[in-house]
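Trainee: Let me begin by handing over the structure; questions about it come next.
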Amino acid sequence: MFLDRLEVYRSHIAPSTFIPAWLAPSAPDDSDPPTETGDEADKSFDEYRILIVEDEFFVALDIQAMLEANGHRIVGIAVTAEEAVVLAARERPNVVFMDIRLAGARDGIDAAYEIRERFDIPSIFVTANTDDHTRRRAEVTRPLGFLDKPFTQQRLRMALAAVRRRS
Amino acid sequence: MRHYLVATVRFYGTQVINRWRKSAASVFASRPRPLRVYLILFALGLALPLLLLSAFFLSQMASLERDQIERRVSQVAEALTWDIDRELDRAIVTLETLATSEALANADFGTFHAQATRALRRTNTQILLLDLSLQQLLNTRVPFGTALPTTALAEVALRVIGTKEPQISDLFIGAVAKEPVIAVEIPVFIRQELRYILVMSIDPPQLVDVLKGQRLDRQWITAITDRKGIIVARSDRHAEFVGKPVPENLLASSLVERGVFRAVSVAGEPIVGATLRSARAGWLVSATVPASYVDASHLLGWRLFYVLIVTALAGGGSLAYIFARFIAQPLTAATVVAKRLGEGHHVNAEDSPLIEANTLTKALTDASQALSQRSEALSDALARFDIALRGADITVFTQDLHRRYLWVSKGAWDRVVGLREEDILPSEAQRPAVEFKEKVLRTGVVQEADLSATIDGEHRTWRVRAEPTYDPMGAIDGVIGVAVDVTKVRRAEGAMAQLAAIVASTGEAILGKSLEGIIETWNPAAEHMFGFTTDEVIGRSAAILIPDHRASEIEDIHAQVRTGQTVSLETVRRTKDGREIHVAINVAPTRDEAGNITGICSVMHDISDRKRREDHTSFLMRELAHRSKNLLAVVKGMATQTVRQSQTVEEFQLHFDRRIHGLANSQDLLVRQNWKGAYLDELIRAQLEVFVDADGSRIRSKGPRVFLESEAVQNIGLALHELATNASKYGALSNAAGFISISWRLDPKMAKDRRLHLVWQEHDGPPVIAPTRGGFGRMVIELMVGQALRGSVQLEFPSTGVVWHLQIPARYAQTMPSEESEDVQAVGSEV
């Protein structure tokens, strides 16, 4: 489906000869203060199967690129809560990178809650929603963390460290 | 009839009693008398009926006793008559027994004499025998054989011969006896032939014995009188009166009276007696008692009555005198107490043996105490009244019928006594004051009004209340009134009215509350703000304005205010219909003149609009942050993808700039519509205007006016941008003749799975060669839009020009009702 077709396009895109430092997938993020968790995340990487739930096309591609650059495998990209539940049921990922605002009637918190309840798969919320009320709602799903958009590689690795601690 | 009589008696009886009562009352009321007089009259009133009753009973008893004696006299007379007749009968029987003697039949008179003497030896009687010639043949008074004369009483013997029946003589002197005797004579028949007359000579003492046989008291006197009125026998002093005639009057009474009679006896004393005639002898048998004996009971009764009268008068008077003294002493003491009380002394009387007097003195003592207390209270009240009058701006005054001041409470106003309003008030103030007082005097109705005058350059106002005074006859004789200086009050009331007007007209809700939070005042703005009318909230707790989730807030606020603090806060309050409104509250204590906190004042301003604006701003800020961050993430993703297809920085810069520009155009449209979306024609124009000439003639677009949701605006905008980029590099816009047609339509409203159809078709460009590999633009065009909008995309590369079909759910596109059938053009009508 979407992911397969995406691979076709990506395979035809010529490797870039110019990649700005601020866009490099694995470039160190000097703006983020080094943390213990971040250091630990740099030491070793486990390959996780990850489901991305994001209705913004470019954001989804960016998250995918960053995760793959860290050696993880994307099992699917969903743009609605319903798709997310279906993909989670089928692929059984280790973690779901979940946007909160999604296309459709249900939001990412609903989807994360159902996936957690039904499959015990945790989510990491990737969102530009930072208000307290939304965060309190999201806490009910016992997420592994929150990634505020836009995020850096360093923040992404810290979030993945939470996945490693859980596993 | 009986009822009529009873009613009549009752009516007249009541009238008589009432008349007597009135006359008695008038008599006693006209001249007061000492208590002892009343008590004596009381005793007499009690004793008199008893005395009368006693007299009546005594009289009755005496009459009964007299009647009894009189009946006894009659009975005795009757019994004596019967005894006499029996005695005579016995004599006759004795004679008849002797007459049967053999000796008499044989004319053996000597034997007969002896027999007769023997038979009568114990009696005072003698036997005589007469022959028919009336010659005595024998007489037992003398021995037999003694010569005897003829009988002394021939008429009786002749009557025996004539009647041949026994006969009884009156008293006569016996021829032999020479003494008064009576004779009982019977005929004696010998062989059926009258031969003799047998006589029994009875001495009167024999009859005296019969009279005394009744064994009467010595007061009794009985007597026998013969047919000639000669006394035959008498129970008392027989020898003195025997043979004497009965006085004529006595005899007449005895003969005439039947039953008991009163007369004078032969002894000359008044008697009461009864006389009966002997049936055998025809004598009168009398039984008498002295009149004094009969009347003794009467005399005794009257004597007793006199004793009773004397005893009652003496005893009643004495008791009345004693009780009068007994009652008068406590009353005199109570009178002394009353006098002392009247003189204003405090009294405390001691108890006396008389309960009524004790009650009176107790009442006087209580009255004394109450009077004392009231006097003290009155003194205090007068003192307070005096202080109040002196300390307050109150003046009490009285005026006569001509409005001349008689008395004025304030000392400073003493000078007005004797003057009138015309004499003391400025000219402009005289008329209202005069009319005011005249109205009171004329109508007698209490009047109250504000009267003003300028005195010493100061305009002053008095609240005056006046009412009429009356003389003892009830006629109005003046005015009494009170004047209160209300100058300051009226000024304060003016200020209060201004403040009230401000409170009434302000847009702030202003509540006056008690210290307990009970609403006491409620201005119109509060009504408008909360929906409660004044009547609905006055007297109720201000808690009715507090939402349940803030129930404790009001008490915290009031507690602070009660300590004198002013509390300002922004909070939520509840209206009558349950809505919650945001208010800014300023709560402060209200104080009296002494600075004591007497209430709570709340001023509330409805800040709901401001809160909504703030909330909206906050929401917008959060939304802006979200969209900004999201947009930044999109930009970052676009940059990442653009980098991947750029060989040089310049190429990256070119593509990235265009994409950012296209994205910015879409954002501009969204911002213009408050992020709700954008019209499709405007989106097409915004995305393609940088690729076409000034008149836009190389873009031909047509379709209904459709409003796209924000999500569709961004994604379709990016796709249009990439399609235009591709057209400008390789397609219809890469030469001078090519053009692009863009058309769109919406499925009918009732269609199932209604969709928006959009077709991008390039014309007259260079011949199209299908690309062998994809890139960023194709990924956006072919993949992104369909995925993001849950639609379908079809990209074709015929040699005549690229054709791009897009179908998305109609929920992303809305037609405007007025514009639904009207096609619009995005950039230009023709190339």
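The values are calculated or read from the model by the stated rules, or taken from the named source; none is laboratory data. Note that the structure is a prediction, hence the values are computed from the model and not measured. Cβ placement follows ideal geometry from the backbone for every residue including glycine, while neighbour counts extend to all protein chains displayed.
Trainee: Test B:Gly494 against the criterion of being free of Cβ contacts under 8 Å to residues at least 40 places away in the same chain, surrounded by fewer than 17 Cβ atoms within 10 Å (Cβ to Cβ) and over 41 Å from the mean Cα position of the chain (by Cα), and give yes or no. Working first, answer last.
Mentor: Details: free of Cβ contacts under 8 Å to residues at least 40 places away in the same chain: yes; surrounded by fewer than 17 Cβ atoms within 10 Å (Cβ to Cβ): yes; over 41 Å from the mean Cα position of the chain (by Cα): yes.
Judged against the criteria, B:Gly494 is a match.
Trainee: Listed residues B:Leu360, B:Leu319; which is within 30 Å of B:Ser54 (Cβ to Cβ), in contact with a helix residue (DSSP H, G or I) (Cβ under 8 Å, 6 or more places away or on another chain) and assigned to a helix (DSSP H, G or I)? Before the answer, list the steps.
Mentor: Values: B:Leu360 fails: within 30 Å of B:Ser54 (Cβ to Cβ).
Going through B:Leu360, B:Leu319 in turn, the sole match is B:Leu319.
Trainee: Has the stretch B:682-702 got at least one residue that is within 27 Å of B:Leu756 (Cβ to Cβ), among the small types (Gly, Ala, Ser) and modelled with pLDDT under 85? So that I can check it myself, show each step before the final result.
Mentor: Going residue by residue through the stretch B:682-702, those that are within 27 Å of B:Leu756 (Cβ to Cβ) are B:682-692, B:696-702.
Restricting the remaining residues to those that are among the small types (Gly, Ala, Ser) gives B:686, B:696-697, B:701.
Narrowing further to those that are modelled with pLDDT under 85: B:696-697.
Within the stretch B:682-702, one or more residues are within 27 Å of B:Leu756 (Cβ to Cβ), among the small types (Gly, Ala, Ser) and modelled with pLDDT under 85.
Trainee: Ok, one more. Residue check: is A:Leu87 over 12 Å from the mean Cα position of the chain (by Cα), surrounded by 20 or more Cβ atoms within 10 Å (Cβ to Cβ), among the aliphatic types (A, V, I, L, M) and away from chain B (no Cβ under 13 Å)? I'd like the intermediate steps shown before the answer.
Mentor: Numbers: over 12 Å from the mean Cα position of the chain (by Cα): yes; surrounded by 20 or more Cβ atoms within 10 Å (Cβ to Cβ): yes; among the aliphatic types (A, V, I, L, M): yes; away from chain B (no Cβ under 13 Å): yes.
Against the criterion (over 12 Å from the mean Cα position of the chain (by Cα), surrounded by 20 or more Cβ atoms within 10 Å (Cβ to Cβ), among the aliphatic types (A, V, I, L, M) and away from chain B (no Cβ under 13 Å)), A:Leu87 qualifies.
Trainee: Which residue is surrounded by the fewest Cβ atoms within 10 Å (Cβ to Cβ), if the candidates are limited to the stretch A:45-59 and must be closer than 20 Å to A:Ala112 by Cβ and of a type outside the set (A, V, I, L, M, F, W, C)?
Mentor: So in the stretch A:45-59, the residues closer than 20 Å to A:Ala112 by Cβ come out as A:48-56, A:59.
When the remaining residues are screened for being of a type outside the set (A, V, I, L, M, F, W, C), the result is A:48-49, A:54-56.
On the way: A:Tyr48: 19, A:Arg49: 15, A:Glu54: 29, A:Asp55: 24, A:Glu56: 26.
Ranking the candidates gives A:Arg49 first.
Trainee: For the stretch B:231-268, name all the residues that are assigned to a strand (DSSP E or B), more than 17 Å from B:Val285 (Cβ to Cβ) and basic (Lys, Arg).
Mentor: B:Arg262, the sole residue that qualifies.
Trainee: Only one residue in B:Glu580, B:Glu623, B:Glu593 is under 60 Å from the mean Cα position of the chain (by Cα) and under 27 Å from A:Thr134 (Cβ atoms). Which one? Let's see the steps before the verdict.
Mentor: On the way: B:Glu623 fails: under 60 Å from the mean Cα position of the chain (by Cα); B:Glu593 fails: under 27 Å from A:Thr134 (Cβ atoms).
Going through B:Glu580, B:Glu623, B:Glu593 in turn, just one is under 60 Å from the mean Cα position of the chain (by Cα) and under 27 Å from A:Thr134 (Cβ atoms): B:Glu580.
Trainee: In this structure, is B:Asp577 surrounded by fewer than 12 Cβ atoms within 10 Å (Cβ to Cβ) and closer than 23 Å to B:Ala500 by Cα? Give the derivation first.
Mentor: Working: surrounded by fewer than 12 Cβ atoms within 10 Å (Cβ to Cβ): yes; closer than 23 Å to B:Ala500 by Cα: no.
So B:Asp577 does not fit the description; no.
Trainee: Still on this structure, I have one more. Does the stretch B:643-692 hold any residues that are assigned to a helix (DSSP H, G or I) and hydroxyl-bearing (Ser, Thr, Tyr), and which are they?
Mentor: Of the residues in the stretch B:643-692, the ones assigned to a helix (DSSP H, G or I) are B:643-645, B:649-672, B:680-688.
Passing the criteria: only B:Ser666.
Trainee: So which residues in the stretch B:784-805 are more than 14 Å from chain A (Cβ to nearest Cβ) and either closer than 25 Å to B:Arg644 by Cβ or free of Cβ contacts under 8 Å to residues at least 40 places away in the same chain (or both), if there are any at all?
Mentor: Of all residues in the stretch B:784-805, those more than 14 Å from chain A (Cβ to nearest Cβ) come to B:796-805.
Those that are more than 14 Å from chain A (Cβ to nearest Cβ) and either closer than 25 Å to B:Arg644 by Cβ or free of Cβ contacts under 8 Å to residues at least 40 places away in the same chain (or both): B:Glu796, B:Phe797, B:Pro798, B:Ser799, B:Thr800, B:Val802, B:Trp804.
Trainee: If you don't mind, there's one more thing I want to ask. Within the stretch B:446-460, can you find the residues that are more than 27 Å from B:Leu401 (Cβ to Cβ) and among the polar types (S, T, N, Q)?
Mentor: Step one: of the stretch B:446-460, the residues more than 27 Å from B:Leu401 (Cβ to Cβ) are B:454, B:456-460.
Residue satisfying the conditions is B:Thr454 alone.
Trainee: Can you go through B:Leu654, B:Leu669 and tell me which one is touching a helix residue (DSSP H, G or I) at 6+ places or on another chain (Cβ under 7 Å), of a type outside the set (Val, Ile, Thr) and more than 7 Å from every other protein chain (Cβ to nearest Cβ)?
Mentor: The conditions single out B:Leu669.
Trainee: Can you tell me which of B:Leu52, B:Leu58 is aliphatic (A, V, I, L, M) and without any contact (Cβ under 8 Å) to a residue 12 or more places away in the chain?
Mentor: That would be B:Leu52, the only listed residue that is aliphatic (A, V, I, L, M) and without any contact (Cβ under 8 Å) to a residue 12 or more places away in the chain.
Trainee: I'd like to verify a number: residues in the stretch A:125-155 that are under 25 Å from B:Val635 (Cβ atoms), more than 10 Å from chain B (Cβ to nearest Cβ) and of a type in the set (D, E, K, R), how many?
Mentor: So the count comes out to 2.
Trainee: Looking at this structure, is A:Asp55 of a type outside the set (Gly, Ala, Ser), in contact with an Asp or Glu (Cβ under 9 Å, 6 or more places away or on another chain) and either at pLDDT below 50 or not in a helix (DSSP H, G or I) (or both)?
Mentor: Numbers: of a type outside the set (Gly, Ala, Ser): yes; in contact with an Asp or Glu (Cβ under 9 Å, 6 or more places away or on another chain): yes; either at pLDDT below 50 or not in a helix (DSSP H, G or I) (or both): yes.
Against the criterion (of a type outside the set (Gly, Ala, Ser), in contact with an Asp or Glu (Cβ under 9 Å, 6 or more places away or on another chain) and either at pLDDT below 50 or not in a helix (DSSP H, G or I) (or both)), A:Asp55 qualifies.
Trainee: Let me confirm something: among B:Glu580, B:Glu614, which residue is more than 23 Å from B:Ile518 (Cβ to Cβ), of a type in the set (Asp, Glu) and away from chain A (no Cβ under 14 Å)? Working first, answer last.
Mentor: On the way: B:Glu580 fails: more than 23 Å from B:Ile518 (Cβ to Cβ).
Of B:Glu580, B:Glu614, the one residue that is more than 23 Å from B:Ile518 (Cβ to Cβ), of a type in the set (Asp, Glu) and away from chain A (no Cβ under 14 Å) is B:Glu614.
Trainee: Then there is this: When the residues of the stretch B:735-783 are filtered to those that are touching a strand residue (DSSP E or B) at 6+ places or on another chain (Cβ under 9 Å) and facing another protein chain (nearest Cβ under 9 Å), which remaining residue is nearest to B:Gln641 (Cα to Cα)?
Mentor: So, considering only residues that are touching a strand residue (DSSP E or B) at 6+ places or on another chain (Cβ under 9 Å) and facing another protein chain (nearest Cβ under 9 Å), the one nearest to B:Gln641 (Cα to Cα) is B:Arg778.
Trainee: Now, a different point. Output the residues belonging to the stretch A:60-74 that are within 14 Å of chain B (Cβ to nearest Cβ) and either within 10 Å of the chain's Cα centre (by Cα) or surrounded by fewer than 24 Cβ atoms within 10 Å (Cβ to Cβ) (or both).
Mentor: Applying the first criterion (within 14 Å of chain B (Cβ to nearest Cβ)) to the stretch A:60-74 yields A:60-69.
Hits for the stretch A:60-74 are A:Ala60, A:Asp62, A:Ile63, A:Gln64, A:Ala65, A:Met66, A:Leu67, A:Glu68, A:Ala69.
Trainee: Now, a different point. Surrounded by fewer than 13 Cβ atoms within 10 Å (Cβ to Cβ) and outside any helix (DSSP H, G or I), is that true of B:Arg118?
Mentor: Working: surrounded by fewer than 13 Cβ atoms within 10 Å (Cβ to Cβ): yes; outside any helix (DSSP H, G or I): no.
So B:Arg118 does not fit the description; no.
Trainee: I need a count of the residues in the stretch B:149-173 that are out of contact with any Leu (no Cβ under 7 Å at 6 or more places or on another chain) and at pLDDT 85 or above.
Mentor: Keep residues of the stretch B:149-173 that are out of contact with any Leu (no Cβ under 7 Å at 6 or more places or on another chain), which gives B:149, B:152-153, B:155-156, B:158-160, B:162-163, B:165-167, B:170-171, B:173.
Okay, now just the ones that are also at pLDDT 85 or above, so B:149, B:155-156, B:158-160, B:162-163, B:165-167, B:170-171, B:173.
Of the residues in the stretch B:149-173, 14 are out of contact with any Leu (no Cβ under 7 Å at 6 or more places or on another chain) and at pLDDT 85 or above.
Trainee: Quick check: is even one residue across the stretch A:112-119 among the hydroxyl-bearing types (Ser, Thr, Tyr), within 12 Å of another protein chain (Cβ to nearest Cβ) and surrounded by fewer than 23 Cβ atoms within 10 Å (Cβ to Cβ)? Give the steps one after another, and end with the answer.
Mentor: Here is the first cut: in the stretch A:112-119, the residues among the hydroxyl-bearing types (Ser, Thr, Tyr) are A:113.
Subsequent filtering for residues that are within 12 Å of another protein chain (Cβ to nearest Cβ) retains none.
No, the conditions are met nowhere in the stretch A:112-119.
Trainee: Continuing with this model, one more query. Could you count how many residues in the stretch B:252-286 are of a type in the set (A, V, I, L, M), crowded, with 17+ Cβ neighbours inside 10 Å and over 18 Å from B:Arg66 (Cα atoms)?
Mentor: First pass over the stretch B:252-286, keeping only residues of a type in the set (A, V, I, L, M): B:252, B:255-256, B:260, B:263-264, B:266-267, B:271-272, B:274, B:276, B:279, B:281, B:284-285.
Then keep just the ones that are crowded, with 17+ Cβ neighbours inside 10 Å; that gives B:260, B:263, B:266, B:271-272, B:274, B:276, B:281, B:284-285.
Pick out the ones that are also over 18 Å from B:Arg66 (Cα atoms) and you get B:266, B:276, B:281, B:284-285.
Residues meeting the conditions: 5.
Trainee: Something else about it: Restricting to strands (runs of 3 or more DSSP E) lying wholly in the stretch A:87-167: which have 2 or more residues that are touching a Lys or Arg at 6+ places or on another chain (Cβ under 9 Å) and within 18 Å of A:Asp55 (Cβ to Cβ)? Give the derivation first.
Mentor: Values: elements: A:95-98, A:123-127, A:145-148.
The qualifying strands (runs of 3 or more DSSP E) are A:123-127, A:145-148.
Trainee: What do you reckon, is B:Pro426 touching a residue at least 24 places away in the same chain (Cβ under 8 Å) and surrounded by fewer than 13 Cβ atoms within 10 Å (Cβ to Cβ)?
Mentor: Values: touching a residue at least 24 places away in the same chain (Cβ under 8 Å): yes; surrounded by fewer than 13 Cβ atoms within 10 Å (Cβ to Cβ): yes.
When the stated conditions are applied, B:Pro426 passes them.
Trainee: Then there's this: Listed residues B:Gln115, B:Gln75; which is over 30 Å from B:Arg141 (Cα atoms) and polar (S, T, N, Q)? Working first, answer last.
Mentor: On the way: B:Gln115 fails: over 30 Å from B:Arg141 (Cα atoms).
Answer to the check: B:Gln75.
Trainee: Kindly indicate the residue of the stretch A:156-167 that is in contact with a strand residue (DSSP E or B) (Cβ under 6 Å, 6 or more places away or on another chain) and among the small types (Gly, Ala, Ser) and also nearest to the other protein chains (Cβ to nearest Cβ) among those meeting that condition. Outline the logic, then answer.
Mentor: Restricting attention to the stretch A:156-167, the residues satisfying the condition of being in contact with a strand residue (DSSP E or B) (Cβ under 6 Å, 6 or more places away or on another chain) are A:159, A:162-163.
Now drop any that are not among the small types (Gly, Ala, Ser), which leaves A:159, A:162.
Working: A:Ala159: 15, A:Ala162: 21 Å.
Top of the filtered list is A:Ala159.
Trainee: Something else now. When you scan the stretch B:469-560 for strands (runs of 3 or more DSSP E) that lie fully inside it, which ones turn up with 1 or more residues that are touching a Pro at 6+ places or on another chain (Cβ under 8 Å) and at pLDDT 90 or above?
Mentor: Details: elements: B:476-485, B:509-513, B:519-522.
By residue number, B:476-485.
Trainee: Which condition number does B:Leu211 fail, the rest of (1) out of contact with any helix residue (DSSP H, G or I) (no Cβ under 7 Å at 6 or more places or on another chain); (2) buried (at least 21 other Cβ atoms within 10 Å of the Cβ); (3) more than 19 Å from B:Gln135 (Cα to Cα); (4) of a type outside the set (S, T, N, Q) being met?
Mentor: Every condition holds for B:Leu211 apart from (1).
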